[in-house]
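Step one of this worksheet: look at the structure below.
The values are calculated or read from the model by the stated rules, or taken from the named source; none is laboratory data. Treat the numbers as computed from the prediction; the structure is a model and nothing was measured. A quick note on method: Cβ atoms are made from the backbone with ideal geometry, for glycine too, and the neighbour counts reach across all protein chains shown. Ligands, DNA and RNA are excluded from the accessible area calculation, which covers all protein heavy atoms including side chains. Shrake-Rupley method; radii C 1.70, N 1.55, O 1.52, S 1.80 Å.
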Amino acid sequence: MPIHLHLEDYLAMVRHAREMAPVEDCGLIGGRIDGEDKIIEKVFYLTNVDHSEEHFSLDPKEQFDAVRALREQGLELLGNWHSHPASPSRPSEEDKRLAFDTKASYLILSLHGGEPVLNSFQISRDKTVTKEDLRIR
């Protein structure tokens, strides 16, 4: 299932993650499912209450507010995103351990090594990682 992200949203995510570095940036993604496509219509930037360079926890109140805003706009929660300021764009062991929603998309934006790299993943109950077809336009 392809997942689509607007170029403007991608560029804003990169800017925000660079501003937050070396702390991991994080948030939610919302949008709609159109046939076989997931279309991201809204990217939320939430506070990493852990203020950590190696993991994140979403602010619960901000998370609740974001989900409410999605519902009010007729959109659905598609997953979450976070940055890896100093590691590649792939789920860490902790990312896999904390992935509970098998239908969610987990976007990871790496700032490691110069050019930013964004990938999207789904993580199964047995913690198998599947890379999604992320299309930035």
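For segment 1-103, applying the loop criterion from DSSP together with a ceiling of 16 other beta carbons within 10 Å to the chymotrypsin sites (Phe, Trp or Tyr not before Pro) yields Phe100.
Report the antiparallel proportion of the DSSP beta bridges in the chain as a percent, rounded to a multiple of 5. Show your work: numbers first, answer last.
Details: 24 of 35 bridges.
That works out to approximately 70 percent antiparallel.
Taking the 1.4 Å solvent-accessible surface of segment 12-137 as the whole, the part contributed by carbon and sulfur is 49%. Accessible area per residue for the chain is 55 Å², calculated with a 1.4 Å probe on protein heavy atoms, without ligands, DNA or RNA.
At most 10 other Cβ atoms within 10 Å and a DSSP loop assignment: could you name the GluC sites (Glu not before Pro) in segment 1-44 that fit?
Values: sites: Glu8, Glu19, Glu24, Glu36, Glu41; in loops: Glu24, Glu36.
Taking segment 1-44 and a limit of 10 other Cβ atoms within 10 Å, the loop GluC sites (Glu not before Pro) found are Glu36.
Tell me, what is the FRET efficiency for Asp37 and Lys61 to the nearest 0.05, using R0 = 30 angstrom and their Cβ-Cβ distance as r? Computed FRET efficiency for Asp37 and Lys61 comes out at 0.45.
Amide H contacts of His84: Leu109, Ser110, Leu111, each under 5 Å away and 5 or more positions distant or on a separate chain (H built 1.01 Å from N in the peptide plane; Pro and chain starts excluded). With 5 Å bins beginning at zero, the pair-distance distribution over Cα atoms of segment 10-55 amounts to 5, 20, 24, 19, 14, 10, 6, 2 %.
Per DSSP H run of n ≥ 4, the term is -39500 (n - 2.57); total these for the chain, divide by its residue number, and report the mean residue ellipticity at 222 nm rounded to 500 deg cm²/dmol. Could you put the intermediate results ahead of the total?
On the way: 3 runs with 32 residues, N = 137.
Value at 222 nm, helices only: -7000 deg cm²/dmol.
Since only Asn48, Leu28, Pro60 are under comparison, the one whose Cα sits farthest along the positive direction of the charge dipole of segment 20-137, derived from C-beta charges on Lys, Arg, Asp and Glu, is Leu28. Label reach from Arg18 (point 7 Å along Cα→C-beta): in segment 96-124, amide nitrogens under 16 Å belong to 109-118. When you filter the trypsin sites (Lys or Arg not before Pro) in segment 1-33 for DSSP loop state and at most 10 other Cβ atoms inside 10 Å of their Cβ, nothing is left. Applying D = kT/(6 pi eta Rh) to segment 66-127, where Rh is the Kirkwood radius over alpha-carbon pairs, T corresponds to 10 °C and eta to 1.306 mPa s, the Stokes-Einstein value obtained is 125 µm²/s.
For the chain, the relative contact order works out to 26 percent when only alpha carbon pairs closer than 8 Å and six or more residues apart are counted. Calculate log10 I(q)/I(0) of the chain for q = 0.20 Å⁻¹, where I(q) comes from the Debye formula with a single equal point scatterer on each Cα and nothing for solvent. Log-scaled intensity ratios, in q order: -1.28.
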